[in-house]
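Structure, as structure tokens:
The values are calculated or read from the model by the stated rules, or taken from the named source; none is laboratory data. Just so you know, these numbers come straight off a predicted model, no measurement behind them. Heads up, the Cβs are rebuilt from the backbone with ideal geometry, glycines too, and the neighbour counts pull from every protein chain shown. Remember, those area values only see protein heavy atoms, side chains included, never the ligands or the DNA or RNA. Shrake-Rupley method; radii C 1.70, N 1.55, O 1.52, S 1.80 Å.
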Amino acid sequence: MSVSGVPRGTLRVTAPSWAATRLMADLLADYRQRYPEVVVDMSFSDRFVDLVADGYDLAIRSTADELPGGLIARPLRPMSFVFAASKEYLKRCGVPQSPEDLANHDCIMIGNGDSWPLKGPNGNIEAPARVVLRFESMSVALTHAVCAGIGLAPLPRMAFEDPMFNDTLCPILTQHPLRHFHQYAIYVSRKHLPLKIRTFEDHLIEYTHIPRPWDGAETAGHSI
């Protein structure tokens, strides 16, 4: 409930698990300073929740697919994922120079596949992978596994700027990103949008338009 133009109450937000980063914490801290009477109930999940059935006010999602009907989707920013390795792994195993080299490196796979769908200067490439570990979804645990030197895996470019990881991670094969995604703020269409949702949506848009070190690489595909 909001009185006199001041947002109040609990705001339930869902986001993918890989978004549980320092950048998200900074965003929430800034929102909290602006709107101290809103309690953000934040959930990190990789399933596409039903906002109405599950009782969420807003979802942050990155997808390359068509979004379900009946929802408002405000674009936030384009995103791409590039391969990463720890400095220790590259020192121990060498640096892959081409997608074909992935067949000779330890790979951490998302899902049940055995190859990576990559983009390249001459079109799409299906690069074979020597899988040593699997994760069901793109989670922050994947970033920790790469930092631990277990193997190579695609990570969102923003991971390379996270203070927790940036001294450990190195981007590799940056000319061959995975397919591009776009990040959205998604909510159910309604005649009168509650002020807590509107202010959080505006805050997301403002925050995601702050220039970041990886900007320009999202679509260009060069090194960060």
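Could you name the aspartates and glutamates in cross-link range of residue 191, using Cα to Cα under 15 Å and dropping any fewer than eight places away on the same chain?
Straight-line reach from residue 191, under 15 Å: 57.
Add -39500 (n - 2.57) for each DSSP H run of 4 or more in the chain, then divide by its residues: what number comes out at 222 nm, to the nearest 500 deg cm²/dmol?
After summing the helix terms and dividing by residue count, I get -6000 deg cm²/dmol.
Please list 3J(HN,Hα) in residue order for segment 152-166, calculated via the Karplus relation 6.51 cos²θ - 1.76 cosθ + 1.60 where θ = phi - 60°; whole Hz, with x for glycine and proline.
9, 7, x, 10, x, 4, 4, 4, 6, 9, 6, x, 6, 10, 5
In square angstrom, what is the accessible area per residue of the chain with a 1.4 angstrom probe? Could you put the intermediate results ahead of the total?
Values: 11040 Å² over 224 residues.
Ligands and nucleic acids excluded, the result is 49 Å² per residue.
Restricting to the chain, compute how many DSSP beta bridges are antiparallel as a %, nearest 5. Walk me through the intermediate numbers first.
Working: 29 of 44 bridges.
Percentage antiparallel, nearest 5: 65.
With everything on Cα atoms, drop me the angle between helix 22-34 and the longest principal axis of the chain, reported from 0 to 90° to the nearest 10.
Rounded to the nearest ten degrees, it is 10.
Would you work out what percent of the accessible area of the chain, with all protein chains in place, is carbon or sulfur (probe 1.4 Å)? Mind showing how you got there, number by number?
Details: 5730 of 11040 Å².
Exposed carbon and sulfur together represent 52 percent of the surface.
Using only Cα atoms, figure out Rg for segment 120-208 and give it as a multiple of 2.2 N^0.38 Å. Write out the running numbers ahead of the final one.
Details: Rg = 17.7 Å, N = 89, 2.2 N^0.38 = 12.1 Å.
That works out to 1.46 for segment 120-208.
Remind me, what semi-axes does the chain give for its equivalent ellipsoid, largest first in whole Å, using sqrt of 5 times each Cα gyration tensor eigenvalue?
Calculated on Cα positions only, the semi-axes equal 35, 18, 15 Å.
Can you return the lysines within cross-link range of residue 119? Criterion is Cα-Cα under 25 Å, with same-chain partners fewer than 8 residues away left out.
Within the straight-line cut-off, residue 119 pairs with 87.
Give the shape of segment 82-166 as rounded, prolate or oblate, defined through the alpha-carbon gyration tensor: a ≥ b ≥ c are the square roots of its eigenvalues, a/c under 1.5 means rounded, and otherwise the shape is prolate if a/b is larger than b/c and oblate if not.
It is rounded, given that a/c, with a ≥ b ≥ c, falls under 1.5.
Over the Cα atoms of segment 32-99, how large are the radius of gyration and the largest Cα-Cα distance (Dmax), in Å?
Gyration radius and largest Cα-Cα distance of segment 32-99: 18.9, 52 Å.
Helix 195-208 sits at what angle to the longest principal axis of the chain, using alpha carbons and giving 0 to 90 degrees rounded to 10?
So the inclination is approximately 30 degrees.
Order of 151-158, 83-90, 102-109 by packing, highest average Cβ count within 10 Å first?
Most protected by this proxy first, the peptides run 151-158, 83-90, 102-109.
Quick one: work out the % antiparallel among DSSP beta bridges in segment 97-203, nearest 5.
Approximately 55 percent, going by the DSSP bridge assignments.
Evaluate the Debye formula for segment 1-115 with equal point scatterers sitting on the alpha carbons, no solvent, and hand back log10 of I(q)/I(0) at q = 0.17 Å⁻¹, in q order, two decimals.
Here log10 of I(q) over I(0) equals -1.03.
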